[in-house]
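Input: a single structure, listed below in structure tokens.
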Amino acid sequence: ATTGIYTLSLHDALPILLGLQAGRIKDKELHAILEDTRNRVRSMALLHEALYRSGDFANISFGTYISDLCRQIVASHGQLARLVKVERRLGDIELSMDQAVPCALIVNELVSNALKHAFPNNRPGSVVVTFERSDEQSLLLCVQDDGVGMPAGIDPSNSPTLGLLLVSELTGQLLGHLTVERPSEGGTDFRVSFPVSANMNQKGAR
């Protein structure tokens, strides 16, 4: 138990240290990089916290985790949280850590990117995060927004931004498939489909 408490304290401390360092940096680009790194570390710290809380170090209730993660991401964006609603449509599905880690980072990147880029000039809107079983053999993770829409021609696997490159690489770790749709009514729809792990459990939907 002592080791667990010590590990969690390190996970809690690192985002704080990154935040303090970011606050001292005047260069806007470097400041943004540190903020993004802090959010990624926070998403992993939250994942480990959920594991310790559940007492199951092999699997995690990922729907519950996504809900907590989305609240954390929204809180980190301050005033924007009052303009953009983040909805969650989550199945009560357990993932192994091998799948939970890349999934957690994908959710962090896509929701954070939507909040930062899809709603400029105080534009209101919504982001919908869906995690469900699409069939007996596969899971579907979606992040949709009704913002200004991602520019046409951007390929996540060859993106100039680290966030989308990470999403592409992490999808590969899941042996999954990433699609990006731009609905005619606006916004962007990211869909990550990946196979069910042999040791994954589903408890139902909520």
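The values are calculated or read from the model by the stated rules, or taken from the named source; none is laboratory data. Just so you know, these numbers come straight off a predicted model, no measurement behind them. Methodologically, a virtual Cβ is constructed for each residue, glycine included, from the backbone with ideal geometry; neighbour enumeration extends over all protein chains shown. Remember, those area values only see protein heavy atoms, side chains included, never the ligands or the DNA or RNA. Shrake-Rupley method; radii C 1.70, N 1.55, O 1.52, S 1.80 Å.
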Region 53-154 - percent of accessible surface contributed by carbon and sulfur, probe 1.4 Å:
48 percent
Sites GLU49 and SER184, calculated FRET efficiency, Cβ-Cβ separation with R0 30 Å, nearest 0.05
0.15
The ³J(HN,Hα) series, computed from each phi in region 93-110 with the Karplus coefficients 6.51, -1.76 and 1.60 at θ = phi - 60°, rounded to the nearest Hz and given as x for glycine or proline, is 10, 9, 10, 6, 4, 4, 9, 5, 5, x, 4, 4, 5, 4, 4, 4, 5, 6
For a quick protection proxy, order the peptides 92-98, 169-175 by their average other-Cβ count within 10 Å, most packed first.
92-98, 169-175
Based on alpha-carbon centroids, what's the gap between region 77-120 and region 135-163 in Å, whole number please?
12 Å
Give me the accessible area per residue for region 75-206, probe 1.4 Å, as a whole number in Å².
50 Å²
Could you give the semi-axes, largest first, of the ellipsoid that matches region 63-206, computed as the square roots of 5 times the alpha carbon gyration tensor eigenvalues and rounded to whole Å?
24, 18, 13
